[in-house]
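The values are calculated or read from the model by the stated rules, or taken from the named source; none is laboratory data. Computed from a predicted structure; not experimentally measured. Cβ atoms come from the backbone with ideal geometry, glycine included; neighbour counts cover every protein chain shown.
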Amino acid sequence: MDDEKRPYRNRITDSALRLKLEAFGATLIVGPKGCGKTTTGKHFAKSFIEFQDEDKRAGYLSVAENMPSKLLIGEKPRLFDEWQDAPKMWGAIRKDVDDTGLKGQYILTGSSSQRVETPHTGTLRISTLRMFPMSLYESGESLGTVSLMDLFNGKPVEWEKSPLSIDDVIYAICRGGWPQSIGVENREAALSIAPDLFYQTCHIDISNISKVKRNPLWAERLLRSYSRNICTLAETGTIYSDVSSTTEMSKPTFYEYFHDLEDLYIIDELPAWSPAVRSRDAIRTGNKRNLADPSIAVAALGLNPAYFNTDFKTLGFLFESLCIRDLKIYSSGINGELSYYHDRYGLEADAVLHLKDGRYALIEFKLGSKDIDNGAKHLCEIERLISEYNKKEKQVPLRLPDLKLVITATEYGYRRDDGVYVIPIGCLKD
């Protein structure tokens, strides 16, 4: 799905790939189909082998089967695209990295729709880099005038204005961050990418990755039910009950399909943050349901932008999914990790962004301006709970949040009197 004819759009993972090429002999780029793995790999490679090139495929595969080390000859870094078609390349690359001790020699990319059994793990030789579809900043829709890292470093936000209207946000949710759809002037054509990916996932990829013929209608119904519960804490049993009400899928089979979709990087859930500010029994610890891109949910539900003119509730969950996607991408550029907080008393932070130096931000996502006060109130209450906890637990205090953010689809960004920043998604970057 990568379009080689377009100028390369810089990705936030570019800096992470540069670092891995300095630290490891080889890097494997993984992520959902169509997110731009091959294009990024080619941008950094000085030579490449494409096993899907039908004119050369038979010759490449013959060499890879009988003497894979011959294919390693070439200017470095050397890219092997669709490497899983020639699994012996893994061992050859691993051995060459061992023998030479050189860094940044190889990049591997390929379809996420096939599991490959290799005799060696590649630990400390072949590192893995996760890619996502494009964020709004990478696609050029966010101005990027507000940097998460700048906020952490204390740079103030006085007044910012987003270029995105609510209709623009709806379109971005439905279209998704798939590189093939970015910059396509015909919106109907751009909106057709995600439904095609949804179809291929359910009808082709899920069978390929498991090497077992899967029922595509069952896969569609699972993703449809999952999408109805996106950005909620719905129990797995709830989703299974919904799926089994219209299929004869057993629970073990349901979990097989579920794990296949995880291995395809389609299902991409958010883990819980469990600070000890309340009883452990009070903290929700299950994953928050989410997909790699909100457009997959839109496609699974059979919706289009016009639908959301009358359903802002569903739009709110999909907006949260969009924000989580972007924050996962932005956090990868600043050595961060994303989770969420929710307790049985109803107190929540839609996301918690932790940096590796210990700093963190509490974050709420609000589609419209009328919900900003409530989101800010939640964040300030969590901060108060941590302060109260620290008065009792002075030996092992918890760090207070370094940032409190409400990310919105509204027009203006500013700092509130309670210290909470209101930031439009159309202004944000890493």
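Assorted remarks:
- A single entry from Leu61, Leu71 fulfils the requirement of being in the same structural domain as Glu22 (by TED's automatic domain parsing) and touching a strand residue (DSSP E or B) at 6+ places or on another chain (Cβ under 8 Å): Leu71.
- Of all residues making up the range 68-96, the number that are farther than 17 Å from Ile29 by Cα and either touching a Gly at 6+ places or on another chain (Cβ under 8 Å) or charged (D, E, K, R) (or both): 6
- Condition check for Glu256: of a type in the set (Asp, Glu) and touching a residue at least 40 places away in the same chain (Cβ under 8 Å): yes
- Some residue of the range 369-378 being closer than 23 Å to Leu143 by Cα, touching a residue at least 24 places away in the same chain (Cβ under 8 Å) and more than 20 Å from the chain's Cα centre (by Cα): yes
- Failed item in (1) assigned to a loop (DSSP other than H, G, I, E, B); (2) modelled with pLDDT of 95 or more, with Gly183 passing the rest: (2)
This table checks each residue for (1) loosely packed, with under 14 Cβ neighbours inside 10 Å; (2) touching a Leu at 6+ places or on another chain (Cβ under 7 Å).
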| residue | (1), (2) |
| --- | --- |
| Gly91 | no, no |
| Lys95 | no, no |
| Gly101 | yes, no |
| Phe152 | no, yes |
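- From the options Thr201, Thr123, residue that is out of contact with any strand residue (DSSP E or B) (no Cβ under 9 Å at 6 or more places or on another chain), assigned by TED's automatic domain parsing to the domain that holds Gln105 and either surrounded by fewer than 23 Cβ atoms within 10 Å (Cβ to Cβ) or not in a loop (DSSP other than H, G, I, E, B) (or both): Thr123
- Only listed residue being touching a residue at least 40 places away in the same chain (Cβ under 8 Å), farther than 21 Å from Ser207 by Cα and among the aliphatic types (A, V, I, L, M), chosen from Leu291, Leu315: Leu315
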